[in-house]
Every structure is written in structure tokens, then in C-alpha cells.
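Notes for the one structure printed next.
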Amino acid sequence: MKVRCFLEKYGNDAALILSYLLDTNKNNLYLYPEKELSKEIENELIKILKKIQKGYPLQYAIGKWNFYGLDLYVDKRALIPRFETEILVEEILKEPFKKEKILDIGCGSGAISLALAKKLEKSRIIGCDISKDALELSNLNKSKLKLNNVEFIYSDLFSNIDEKFDLIVSNPPYINKDDYENLEEKLYYEPKNALYGGEDGLYFYRQIISKAKYFLNKNGKIYLEIGYNQKNPLIQLLKDEGYKNIKAIKDYNDFDRILSS
Ligand code: GLN
């Protein structure tokens, strides 16, 4: 079948899926509408479309997703990298502070660590996670991208960390009990231990914020992704723990999304 017929028949999702399958840019597809697709690609695409029609997340069905310009493998071993998290990376890169040693707590697929490793070639980055599944995936992404300035290690928060950093970054699980019980269906395909942040959603922040100061160099910074309603309690928590110069940053939907200090 020709690309053009395919897109007419299956619509916009098909274009995105096809661009991943063919390893090309979505716009390129429209440049060669008469290109003939192999039967193999056609079958693969139909298989993926069937899965997403049943509510399976598009990103898992494709098995790859772009994060901050990096093509990452994604699957149910870890959270799907979100567009909002790119803002976290962008903010860190934009601000002029020392970033020689970086710790990413709860690295999941490795998205944040790898995006920073790619841009900060001279930095050394450690990504840690309690999930062995996530560590398999982050290591796979590391080899795919051939980035050697990043290391993924097993650690329950700081349990295996014994050095200090210029930056500690984290996008911990932060959905509270009520929100988790009323989750959009497709989020249930993602690991609960990457989403659920305890009764009030703040469990992991309490742990991270109270301990991070012992793992930061002088003038070290902390960057946290946060949920839409968590800014005030988290600013209070940071203040109570002695953190200074706290800054809140919004996402493109005008939700408070990042705290730095
Ligand atoms: N941003 C995710 C969501 O609500 C939550 C990710 C997380 O818990 N860190 O879809």
C-alpha cells in the first residue's frame, strides 16, 4: 500500500506510528506520498493501531519515544517520558550553575539523565532507581545512545549513594491516593511504583528533601518535578528543611511543574 493511501485510511495516529517505524520525521512522510510500504510494515502498523484502539498507550505500543531529541526505548518497565519533563531538563541547562556531578533519583527509562548527559558532555551523571526493571531499560537506552558519562545504579533513594553532587534532580512518583484511584485508564498500564506517591502524593518528596542536603556540595542545587497542586506544601517543606532561593516554574498549561532551590 502507498503511504498516501495508508494515511488517508488510518489518520493522524498512523502517521506518527509510521514515522517511528520508518525511523523518519513525520513531515517526511508527506513528502513521499507515493512511496510503497512493505507488507511487513503494514502488518506491524495495523498491530499497533489495534493495541491503541483498546486503550494501550501509544508510546508502549510503538516501543520508542522521543524525549528532548533522544530516541528512547520505552516499555512497561518504566514511566513514559512526558513532554513536561523536558521543561525540567531545559531549566537545568538554562541556569548557570556548576553541574559537574549530577544525581537523578528515580531515573526510570533514563530520560532525564540521558538528556543531561548528551548536553553536558563533561559532567558525570548517576541515575538511580529501586526498580530493577527500570534499570534494565535505562541501561538499554544508555547503550543505544552510546553515552558514557552516565551510570545507572540500584538505590532505594539515597541508600546506595555515598558521594556529593552539584545537582540532585528527581521526578518521583507523585500521584496521591484519590487521584490514583481515579486515574485515566491508560495510565494504569504504567508501573504503579513510578506514579503513586502515597496517601497525599508527597511521600517521596519528604524523603528526598530531608536527605538531599547531605548529598549536595556547597551551592548545590535541587530540581524537582511536581504535581499540579503540590507547589505550596512543597515550598513549605523545602523552607522547613532550610533550603534557600526556592523558585517555582510553570509548564505550558500554566500548572506549577518544577521547583528548584
Ligand atoms: N506526570 C505524570 C502524570 O500525572 C506523573 C508522573 C509522576 O508521578 N512522576 O501523568
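Throughout, read-outs are computed from the coordinates displayed, never taken from laboratory work. Not measured: the values here are computed from a predicted model. Virtual Cβ from ideal backbone geometry, glycine too; neighbours counted across all protein chains shown.
To make sure I understand, if each residue's beta carbon is the centre and we count other beta carbons within 10 Å, what order do 255, 6, 165 fall in, fewest to most?
255, 6, 165
Once label points are set 7 Å from the Cα along Cα→Cβ at both residue 64 and residue 83, what is their separation, rounded to one decimal in nm?
Computed distance between label sites residue 64 and residue 83 equals 2.1 nm.
Enumerate the lysines that residue 51 could reach by cross-link, defined here as Cα to Cα under 21 Å, with residues fewer than 8 away along the same chain left out.
Excluding near neighbours in sequence, the set is 9, 26, 39, 64, 76, 186, 192.
Please arrange 107, 5 by how many other C-beta atoms lie within 10 Å of their C-beta, fewest to most.
5, 107
Place the peptides 152-160, 109-117, 134-142, 59-67 in order of packing, highest mean first, counting for every residue the other Cβ atoms within 10 Å and averaging per peptide.
Result, highest mean Cβ count within 10 Å first: 109-117, 134-142, 59-67, 152-160.
Kindly rank 28-41, 85-98 from highest to lowest mean number of other beta carbons found within 10 Å of each residue.
85-98, 28-41
With r as the distance between the Cβ atoms of residue 185 and residue 43 and R0 = 22 Å, compute the FRET efficiency 1/(1 + (r/R0)^6) and round to 0.05.
Working: r = 26 Å, r/R0 = 1.20.
The formula returns an efficiency of 0.25 here.
Consider just the alpha-carbon atoms of the stretch 3-54 and return their Rg together with their Dmax, both in angstrom.
10.1, 31
In degrees between 0 and 90, to the nearest 10, how far off the longest principal axis of the chain does helix 231-240 point, with axes built from Cα atoms?
Roughly 30 degrees, rounded to the nearest 10.
For the stretch 188-228 and the stretch 105-131, what is the separation of their C-alpha centers, rounded to whole Å?
Distance between centres, Cα-based: 15 Å.
What full-extension length gain, to one decimal in nm, is calculated for residue 90 and residue 31 as 0.36 nm per residue of separation minus the Cα-Cα distance?
Details: separation 59, 0.36 × 59 = 21.24 nm, distance 3.12 nm.
Taking 0.36 nm per residue and subtracting the Cα distance, the gain is 18.1 nm.
Hey, what D do you get for the stretch 139-215 in µm²/s if you plug the Kirkwood alpha-carbon radius into Stokes-Einstein at 4 °C and 1.567 mPa s?
88
Please give the per residue volume of the convex hull enclosing the alpha carbon atoms of the stretch 69-260, rounded to a whole number of Å³. Could the numbers behind the result be given before it?
Values: hull volume 21.6 nm³, N = 192.
Here the figure is 112 Å³ per residue.
Taking the Cα centre as origin and putting +1 on Lys and Arg beta-carbons and -1 on Asp and Glu beta-carbons, what dipole magnitude results for the stretch 30-106, to the nearest 20 debye?
Dipole magnitude for the stretch 30-106 comes out near 380 debye.
Where nothing but the Cβ of Lys and Arg (+1) and of Asp and Glu (-1) is charged, how large is the charge dipole of the chain around its Cα centre, in debye to the nearest 20?
600
Work out the charge dipole of the chain with +1 on the Cβ of Lys and Arg and -1 on the Cβ of Asp and Glu about the Cα centre, then indicate which of 236, 150, 25 is farthest towards its positive end.
Looking along the dipole axis, the top candidate is 150.
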